[in-house]
Amino acid sequence: MPTVNSKLCYALGLLAALAASPAAAQKMGGTLTVAFDNDTPIPDPTKAISLSTHMALKNVCENLVNFDDDYKVIPQLAEKWVEEDGGKAYLFTLRKGVKFHNGKEMQAEDVKYSLDRLRTVGSNRGDYEGITAIDIQDPYTFRITLKQPSPVFLTSLAGPFGGYMIPKDLDQQQGGTIGKPVCTGPFEWAEWQPDRFLRLTKFKDYAPDTRFPGPTGLGGKRTAMVDQVMLRIITDRAARVTALETGEVDFSSKLDISDYEKLQKNKAIQGIETPVLEWVVLWLGVTLPTSNDLKFRQAVAAAIDYDEIVLAATDGHGVVNPAFMHPSQKIWRTEKTGQRHKKDLDLARKLLKESAYKGETIELYSTKDLEYMANTALILNQELNAIGLKTEIKFLDMTGLTATIYAKQPVYKLAVMSSSGRYDPDQHYYRRLHTGVAVNQYSNPAYDRIVEEARTTMDHDKRQALYDQAQQILMDDVPGIVLFNPSFFDATRATVKGFKPTSMGILRFWDVWLDR
């Protein structure tokens, strides 16, 4: 079996080779049919939660700023911005002539409406809580004032899952609830039949960002090459593979490793492996009896073998990572963030005996919807049983597992979950585990003070040192154990050209064309 690092290097090398290969003559038009693994619930751009909805919205909506290929913040709908008062305010100027899909030109009043909505009813409203005022200077200029300087403000505006600009009063125009997104992106949200399909059509009045020579990251000069993108909801993985093999669809998302390896042998199909920033974590119920005992959680930590888990869960298509930030995000990686819990079975058994655990069977939540999550639960079950901890796996569908993990009152003591990566550690360390917003109701005043300070200092080295401290507290308290980063697997017909995967796992359909 190939090692984790060799698999990762192979995948990265393959992506580089694809990017460097000579481009064929591009063609315009046609319909790109995509087998999507999940429907797109809550199509409101402000309130969207699910990754599948954001996958679609990234092709429909735009932000004031976005990320380029190197994870740097670049302008998108903003023409420029000026930092004022040491980072406590930002004066933005908008690009002129940018139209929403309803024909209205985007202006400052739309930005104010969008941001006010994001910070009051947005799914990520915590990202915008530092805004104290949005003052319109003229139709294309506005100032955003913050409570205090913030090193993550521009990152929050960029998302990547949220921060979309929509027309003023769109909710009122749609009867109080937004059921059809209206944005400024290269594709329009044309027709949605829940659990069946979503059709996106080329926006003929789209204003490409000519400041860039071409697309970069989630921004740059983007072009809708196809006339429409048909996202067919095919939840059964085997059915998605069959649809691709028969040519019923051009693109199939969220495949298993076995699918990828099988399809690699088909000359009419191109398999795509993408190492992603997404991470897999074992959450522990810190407020529930037994798992609220620190010695119990420490026993679990001493029982696990990171290498064994990642190899069994991903067949080598993953990378061990005990911290929220991916190893490739080097500006945030230190010796501290690479430190693992040490496997020590004798210590694990000793701690378990000293803990509140009395031999009862504890449910381990996971899902079969993602192969690597199911495999992670299986190997964890074996490792925990080896120290005398009786666990029983409870598989839920992904929707049910997500609802369980993010419930206001946790009911789980052990749960395997994956979460989307982010570009700034604040979006993990603060948003996942700060008191009041913690996924599992974790609360530690010392931890809170550290991550609060990290989101207000503008000094990168100081922030990095603070996150090292936060990571050490998490290693000591064990509210959760970050295990590894997986790869995503997609595949296209050979006739699909120009598709480039992203480390976020977001599917970009701009600048994709059909050679047929």
Legend entry - Residue match in the range 78-92 (condition: β-branched (Val, Ile, Thr), modelled with pLDDT of 90 or more and crowded, with 23+ Cβ neighbours inside 10 Å): no
Inset, instruction - Taking Gln339 as meeting all but one of (1) in a helix (DSSP H, G or I); (2) polar (S, T, N, Q); (3) modelled with pLDDT under 95, write down the number of the exception. - result: (1)
Inset, instruction - Might you check whether a residue that is among the polar types (S, T, N, Q), at pLDDT 95 or above and not in a strand (DSSP E or B) occurs anywhere in the range 386-400? - result: no
Legend entry - Verdict on Ile144 being in a strand (DSSP E or B) and either assigned by TED's automatic domain parsing to the domain that holds Thr33 or crowded, with 19+ Cβ neighbours inside 10 Å (or both): yes
Inset, instruction - Could you please let me know if Asp250 is at pLDDT below 95, under 22 Å from Pro501 (Cβ atoms), among the acidic types (Asp, Glu) and in contact with a helix residue (DSSP H, G or I) (Cβ under 9 Å, 6 or more places away or on another chain)? - result: no
Legend entry - Unmet requirement for Thr31, which otherwise passes all of (1) surrounded by fewer than 16 Cβ atoms within 10 Å (Cβ to Cβ); (2) closer than 20 Å to Gln228 by Cβ; (3) out of contact with any Asp or Glu (no Cβ under 7 Å at 6 or more places or on another chain): (3)
Legend entry - Among the candidates Asp227, Asp209, residue that is farther than 19 Å from Asn375 by Cβ, touching a Pro at 6+ places or on another chain (Cβ under 9 Å) and assigned by TED's automatic domain parsing to the domain that holds Thr40: Asp209
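If you check Leu466 against the conditions, is it modelled with pLDDT of 95 or more, crowded, with 21+ Cβ neighbours inside 10 Å and within 23 Å of Val310 (Cβ to Cβ)? Spell out the reasoning first.
Details: modelled with pLDDT of 95 or more: yes; crowded, with 21+ Cβ neighbours inside 10 Å: yes; within 23 Å of Val310 (Cβ to Cβ): no.
When the stated conditions are applied, Leu466 does not pass them.
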Inset, instruction - Given the conditions (1) within 17 Å of the chain's Cα centre (by Cα); (2) surrounded by 18 or more Cβ atoms within 10 Å (Cβ to Cβ); (3) modelled with pLDDT under 95; (4) not charged (D, E, K, R), report the number of the one that Leu8 does not fulfil. - result: (1)
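Out of Leu396, Leu483, Leu466, which single residue is within 21 Å of Val300 (Cα to Cα) and either among the hydrophobic types (A, V, I, L, M, F, W, C) or touching an Asp or Glu at 6+ places or on another chain (Cβ under 9 Å) (or both)?
Numbers: Leu396 fails: within 21 Å of Val300 (Cα to Cα); Leu466 fails: within 21 Å of Val300 (Cα to Cα).
None of the others qualify; the one that does is Leu483.
The values are calculated or read from the model by the stated rules, or taken from the named source; none is laboratory data. Computed from a predicted structure; not experimentally measured. Don't worry about glycine lacking a Cβ; one is built from the backbone with ideal geometry, like all the others, and counts go over all protein chains shown.
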